[in-house]
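Notes for the one structure printed next.
The values are calculated or read from the model by the stated rules, or taken from the named source; none is laboratory data. Remember, predicted model here, so these are calculated numbers, not experimental data. Every residue, glycine among them, receives a Cβ derived from its backbone with ideal geometry; neighbour counts consider all protein chains shown.
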Amino acid sequence: MPSFSLTLRRLGEVAERTMAFHFEKPSGFQFKAGQTLDYTLLNPPQTDAEGNTRTFSIASAPQDEEIVFATRMRDSAFKRVIGSMPIGATVEAEGPMGSFTLHNNAARPAVFLTGGIGITPFRSIIRDASARKLSHQLWLFYSNNRPEDAAFFDELQELAAATPTFHFVPTMTDMAKSSVEWDGETGVIDQKMLTGRLGELHGPIYYAAGPPGMVAAMREMLLKAGVDEDDVRAEDFAGY
């Protein structure tokens, strides 16, 4: 698998405790929306038992001029080092990898079910579909505790307003701890929420990404609702 160097162009917060890292895209680099890269720190000043390599979904679209990943920041050596990297620093990348990509049959809607930082592959897929003007109907159900925790929230709202085939359904589960007004959906993503928006649950291809517990719950909910197992695709993010 090819490895290459990536140069950091900029970084910034995209939600509370969540950072996005923007790297210059090497000439000729190609990937499919939804794929991942392995990122390795080069001679980091500190390390720990988790090592110097992490796998992140590419949050940017293939048409974008940058390669972007986003992650929740926590107290690990990898996160401390990458969070303090100066502009112009480099990491080693390997990939792309993975098949968590949009299906080809545009007659079948895609329903994305995610929470927290699980949004990253879907940001790539939605940006790509919008750029290519694909005719798939795309539904994004995005769960967070509070609006403050929702990465890329404003951008997703703008994409939904500009893209007739993209339908954005954010939901919040702990608004008591928020300082932001909210008049949208509340509570976890469940069968009632899906049927209220989609009507019939048979027909779409479902994609679930995020923490393992949430992905397992989404899969169980869909199968109990009678969705064919072949129509459910899942990718969990452990230890992010």
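Scan GLU181, GLU148, GLU220, GLU158 and give me the residue that is part of a loop (DSSP other than H, G, I, E, B) and out of contact with any Phe, Trp or Tyr (no Cβ under 9 Å at 6 or more places or on another chain).
Only one candidate passes the filter, namely GLU181.
Counting just the residues of the range 81-91 that are crowded, with 16+ Cβ neighbours inside 10 Å and in contact with a strand residue (DSSP E or B) (Cβ under 6 Å, 6 or more places away or on another chain), which one comes out nearest to ALA15 (Cα to Cα)?
Here the residue is VAL81.
For (1) within 26 Å of LEU134 (Cβ to Cβ); (2) assigned by TED's automatic domain parsing to the domain that holds MET218; (3) modelled with pLDDT under 95, each residue gets a yes or a no:
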position	(1), (2), (3)
PHE21	no, no, no
ALA49	no, no, yes
PHE56	yes, no, no
ALA59	yes, no, no
PRO62	yes, no, no
ALA70	yes, no, no
LYS79	no, no, yes
ILE82	no, no, yes
Handout entry: Pairs with Cβ under 7 Å, 6+ apart, first in the range 107-119 and in the same structural domain as ARG17 (by TED's automatic domain parsing) and closer than 16 Å to SER57 by Cβ, second modelled with pLDDT under 95 and part of a helix (DSSP H, G or I)
Key = none
Practice task
Go over the candidates PHE69, PHE78, PHE23, PHE100 one by one and state the one that is in a loop (DSSP other than H, G, I, E, B) and surrounded by 16 or more Cβ atoms within 10 Å (Cβ to Cβ).
Solution key: PHE100
Exercise for the section: Just give me the residues in the range 161-178 being closer than 20 Å to MET73 by Cβ and in a helix (DSSP H, G or I), in sequence order. Expected result: LYS177
Fill in the blank from the handout: Considering the range 103-125, residues that are touching a Gly at 6+ places or on another chain (Cβ under 7 Å) and part of a helix (DSSP H, G or I), and then whichever is farthest from PHE31 (Cα to Cα), we arrive at GLY116
